[in-house]
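Undergrad: There's a structure below that I have some questions on.
We did not get these values from a lab; they are worked out from the coordinates using the rules stated. Keep in mind that this is a model prediction, so the values were computed, not measured. Reconstructed Cβ throughout: ideal geometry from the backbone, glycine too, with neighbour counts over all protein chains shown.
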Amino acid sequence: LGLGHAVLMARPVVGDEPFAVLLADDLMLGEPPVLAQMVDQYRRYQAGILGVEEIPREHSTRYGVVDARPWDDRIYQVSGIVEKPKPEDAPSNLGVVGRYILPARVFHFLEQTRQGAGGEIQLTDAIAHLLNERQVLAYLFSGRRFDCGDKLGYLKATIAFGKLHPEVGADFTRYMDSICEPQASAETLP
């Protein structure tokens, strides 16, 4: 029934504690890890944290997009959030990308949220209601995101993480370099 419904199913386990939501199709590469960066921001501000990145406006229909103003280094104060708006209706170019730290209070709003965009219970709708009670911040994380829900994004992630792998990274990098040389052709590929 949508991401909001899936998050609501975790309520018995989470209880009244803040919690993180990680969407598996968004693979993050950062140092320190993106979720660790977000936990640091949560500890500093004691507010919900939404992982965001700058997106092309024409891609707004793929994301929850925040209405936010700069507040601190890489931090934006969120005043609104819209699920998959048309480019002309997008409040900014900051799209939420699969990482959230939320207070348990969001469960209350998820229980009351009706089906929204795509006929699903949207987490963004519950966050929009949460904004009436509490501060929520957007964090422009340091690192790189791979959209593994997209075939090309999945392949890019495989290459990036393969090159960093402690056991095979060096050999894999040499292999990738060898097949990417200008003189390589389809006939000479191993």
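Undergrad: Please give, to one decimal in nm, the separation of the simple spin-label points placed at PHE161 and ARG43, each 7 Å out from Cα toward the Cβ.
TA: 2.6
Undergrad: Hey, what number do you get for the chain at 222 nm if only DSSP H runs of n ≥ 4 count, each worth -39500 (n - 2.57), divided across all residues, to the nearest 500?
TA: Counting only the DSSP helices, I get -9000 deg cm²/dmol.
Undergrad: Under a no-solvent Debye model with one identical scatterer per Cα of the chain, what's log10 I(q)/I(0) at q = 0.08 Å⁻¹?
TA: Taken in order of the listed q values, log10 I(q)/I(0) reads -0.32.
Undergrad: Can you return the lysines within cross-link range of LYS86? Criterion is Cα-Cα under 24 Å, with same-chain partners fewer than 8 residues away left out.
TA: Result set, ordered by chain and number: LYS151.
Undergrad: Tell me the label-point distance for the pair GLU88, CYS180, using the 7 Å Cα-to-Cβ offset, in nm and rounded to one decimal.
TA: In this crude label model, GLU88 to CYS180 measures out at 4.0 nm.
Undergrad: Compute the acute angle (0 to 90°) between the alpha-carbon long axis of helix 151-164 and the principal axis of greatest extent of the alpha-carbon atoms of the chain; round to the nearest 10°.
TA: With rounding to tens, the tilt is 70 degrees.
Undergrad: Over the chain, with a Gaussian network built from C-alpha contacts below 10 Å, which listed residue (PHE19, PHE172, PHE146) shows the highest mean-square fluctuation?
TA: PHE172
Undergrad: Could you give the length gained by full extension between ASP16 and ALA170, i.e. 0.36 nm per residue of separation minus their alpha carbon distance, to one decimal place?
TA: Contour length minus the Cα-Cα distance gives 50.9 nm.
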